[in-house]
Amino acid sequence: MLSQLNSLFGISIRHASDRDAIIMAELFYSTRCDFYQLGLPQMTVDMLLQQQYQLQQISYKSHYPNAKDYILCQQSEVIGKLTLAVNPEYLHLVDLVLAPEIRGKGLGTAVLEALKQDAIAQKADIRLSVALDNPRAKALYLQQGFIIHSISQTHETMLWQ
């Protein structure tokens with residue numbers, strides 16, 4: 001899976017293990033900066049983020065029981081995580097999180113390009129959901145040829161064929 005990652009960026013991918021739990025949680029926390037702007041004590045924010053992460057993981061396991069977590073690395077440094085559910089007719093990109101310091105540098109594009117190559121090889125579509133309050137991710141997906149399939153109160157479901 002994702003064997004075609006762009007060598008220009010030196011990205012490698014491996015299956016996540018139990019020892020990656022902390023870094024995966026920290027990547028999740030990095031996407032929730034708004035929690036730190038609530039004016040709450042640091043300990044309360046930390047607790048809320050931990051609960052949100054645990055709820056997200058429970059939801060992923062419930063909705064995508066066959067999904068696998070992967071760790072993205074660049075020169076042995078963890079730069080992100082990917083959660084992917086592979087089905088016979090489609091790949092479902094459950095989650096893609098890049099470390100804050102490397103966002104906007106083309107690495108998300110490289111990951112999506114590799115994922116599209118896998119989908120082509122499998123003759124499969126790619127599906128994903130993006131939060132309505134995440135315009136940066138939505139713009140990336142649109143730039144990569146995804147189309148909006150449906151809209152809920154919180155997310156847009158997108159499709160690449």
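Just to be sure I understand, how many residues within the stretch 28-65 are part of a loop (DSSP other than H, G, I, E, B), modelled with pLDDT of 95 or more and exposed (fewer than 12 other Cβ atoms within 10 Å of the Cβ)? Total meeting the criteria: 1. The residues of the stretch 66-93 that are open to solvent by 20 Å² or more (accessible area, probe 1.4 Å), without any contact (Cβ under 8 Å) to a residue 60 or more places away in the chain and of a type in the set (Val, Ile, Thr) amount to a single one, Val78. Surrounded by fewer than 11 Cβ atoms within 10 Å (Cβ to Cβ), of a type in the set (Asp, Glu) and not in a helix (DSSP H, G or I): does that describe Asp133? Taking the combined requirement at face value, the residue satisfies it. Which residues, counting only those in the stretch 47-77, are in contact with an Asp or Glu (Cβ under 9 Å, 6 or more places away or on another chain) and charged (D, E, K, R)? Answer for the stretch 47-77, where residues must be in contact with an Asp or Glu (Cβ under 9 Å, 6 or more places away or on another chain) and charged (D, E, K, R): just Asp69.
Would you confirm, using the coordinates I've provided, whether Ala121 is over 12 Å from the mean Cα position of the chain (by Cα), crowded, with 18+ Cβ neighbours inside 10 Å and not in a strand (DSSP E or B)? Here the answer is no, as Ala121 does not meet what is asked.
The values are calculated or read from the model by the stated rules, or taken from the named source; none is laboratory data. Here the structure is a predicted model, which is why all the values come from computation and not from measurement. Every residue, glycine among them, receives a Cβ derived from its backbone with ideal geometry; neighbour counts consider all protein chains shown. The area values use the complete protein model at the heavy-atom level, side chains included, leaving out ligands, DNA and RNA. Shrake-Rupley method; radii C 1.70, N 1.55, O 1.52, S 1.80 Å.
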